[in-house]
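Here is the structure we will look at, set down as structure tokens.
The values are calculated or read from the model by the stated rules, or taken from the named source; none is laboratory data. Just so it is clear, the structure is predicted and the values come from calculations on it, not from any experiment. Glycine also receives a Cβ, built like all others from the backbone with ideal geometry; neighbour counts cover every protein chain displayed.
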Amino acid sequence: MTDLSLENVIDVFTHRKPGVVGKHKSFSVLMPLVIRGGQVHVLFEMRSSKLDTQPGEVCFPGGAMEGIETPLQGAVRETMEELGLERSQVKVINKLDTLQSHANLSVYCYLGMLEVTCMDGIPEDEPNVTYCFNVSKNEVAEVFTVPLKFFVENEPEIEWVEVVQIPPEDFPYEKVNSPKAYEWRTGSVDVPIYMYGHYPIWGMTARMVHNFVDILEGRKK
């Protein structure tokens with residue numbers, strides 16, 4: 001039987017690392033920086049049309065952790081696999097803020113620097129740098145970069161999406177002593193959108209960029 005003494009309660013919780021309550025999936029991504037023409041650029045991927053989830057969307061390298069790997073290990077591994085890089089080419093700078101979504105997702109974000117030299121010969125007004133990488137074609141359709149200056153000088157368009165709770169028809173209102181006309185809470189979530197040429201950078205990827213710029217510009221600690 002569980003020890004219910006105060007001493008044991010204190011012992012269990014004193015050194016416990018807090019988690020997230022509820023069903024959720026954890027992913028990790030790397031926000032990669034590169035140097036082009038002496039300027040800092042942010043590197044993005046366009047997801048392959050072959051993927052079952054979010055085909056054709058713009059994202060950062062990343063995915064679900066495998067086995068017992070940490071979020072950082074997962075972010076680095078996914079970056080290496082998707083872009084065809086060696087471990088020595090991926091320099092991790094630090095952990096960024098973790099994103100939580102209404103869809104029960106936790107996304108661990110990291111900032112990194114990629115050491116890739118072949119893009120030096122590509123004109124800066126040509127974002128597409130796919131041929132600099134041995135991409136995983138089943139996952140990545142295109143790789144492109146955007147000057148960091150673009151995100152500093154341009155605020156995203158913000159759209160708001162309503163989030164509504166829809167209980168099942170057989171929800172046991174009588175058990176919770178509540179009328180069937182119970183007013184479930186609703187909310188809304190912001191959806192930032194950046195347009196860089198024909199590339200739409202939006203959703204959680206754009207939120208990560210916007211948060212990064214807010215910190216860089218001193219608007220957020």
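A few notes on this one:
- Test: residue in the range 167-183 that is of a type in the set (A, V, I, L, M) and either within 28 Å of the chain's Cα centre (by Cα) or under 23 Å from GLN54 (Cα atoms) (or both): no
- Count of the range 131-159 residues which are modelled with pLDDT under 95 and in a helix (DSSP H, G or I): 2
- Checked against the criterion of being surrounded by 16 or more Cβ atoms within 10 Å (Cβ to Cβ), touching a residue at least 60 places away in the same chain (Cβ under 8 Å) and either at negative phi or of a type in the set (A, V, I, L, M) (or both), the candidates LEU111, LEU105 yield just one match: LEU111.
- Residues located in the range 120-132, provided they are closer than 26 Å to ASN211 by Cβ and surrounded by 16 or more Cβ atoms within 10 Å (Cβ to Cβ): PRO127, VAL129
- Residue list for the range 180-205, filter: assigned to a loop (DSSP other than H, G, I, E, B), among the small types (Gly, Ala, Ser) and modelled with pLDDT of 90 or more: GLY197
- Residue identified as under 18 Å from ARG207 (Cα atoms) and either surrounded by 11 or more Cβ atoms within 10 Å (Cβ to Cβ) or without any contact (Cβ under 8 Å) to a residue 60 or more places away in the chain (or both) among GLU81, GLU45: GLU45
- Any pair with Cβ under 8 angstrom, 6 or more apart, that starts in the range 182-205 at a residue that is on the phi > 0 side of the Ramachandran plot and ends at one that is surrounded by 12 or more Cβ atoms within 10 Å (Cβ to Cβ) and not in a strand (DSSP E or B): GLY197/PRO127; GLY203/GLU57
- Boolean, ASN177 is among the polar types (S, T, N, Q), in a loop (DSSP other than H, G, I, E, B) and either free of Cβ contacts under 8 Å to residues at least 40 places away in the same chain or surrounded by 11 or more Cβ atoms within 10 Å (Cβ to Cβ) (or both): yes
Okay, residues lined up against (1) among the β-branched types (Val, Ile, Thr); (2) surrounded by 10 or more Cβ atoms within 10 Å (Cβ to Cβ); (3) more than 21 Å from PHE27 (Cβ to Cβ):
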residue	(1), (2), (3)
GLU155	no, yes, yes
ASP170	no, no, yes
SER188	no, yes, yes
MET195	no, yes, yes
GLY203	no, yes, no
MET208	no, yes, no
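- The range 11-24, residues that are exposed (fewer than 10 other Cβ atoms within 10 Å of the Cβ) and among the hydrophobic types (A, V, I, L, M, F, W, C): PHE13, VAL21
- Filter result for GLU86 (at pLDDT 95 or above and either of a type in the set (D, E, K, R) or surrounded by fewer than 20 Cβ atoms within 10 Å (Cβ to Cβ) (or both)): yes
- Considering the range 49-123, the qualifying strands (runs of 3 or more DSSP E), each wholly inside and each with 3 or more residues that are of a type in the set (A, V, I, L, M), run over 90-95, 105-114.
- Annotation: of all residues in the range 1-42 being among the basic types (Lys, Arg) and in a loop (DSSP other than H, G, I, E, B), the one that is farthest from the chain's Cα centre (by Cα) is ARG16.
- Just one residue in the set GLY197, GLY187 is among the small types (Gly, Ala, Ser) and closer than 18 Å to PHE144 by Cα; that residue is GLY197.
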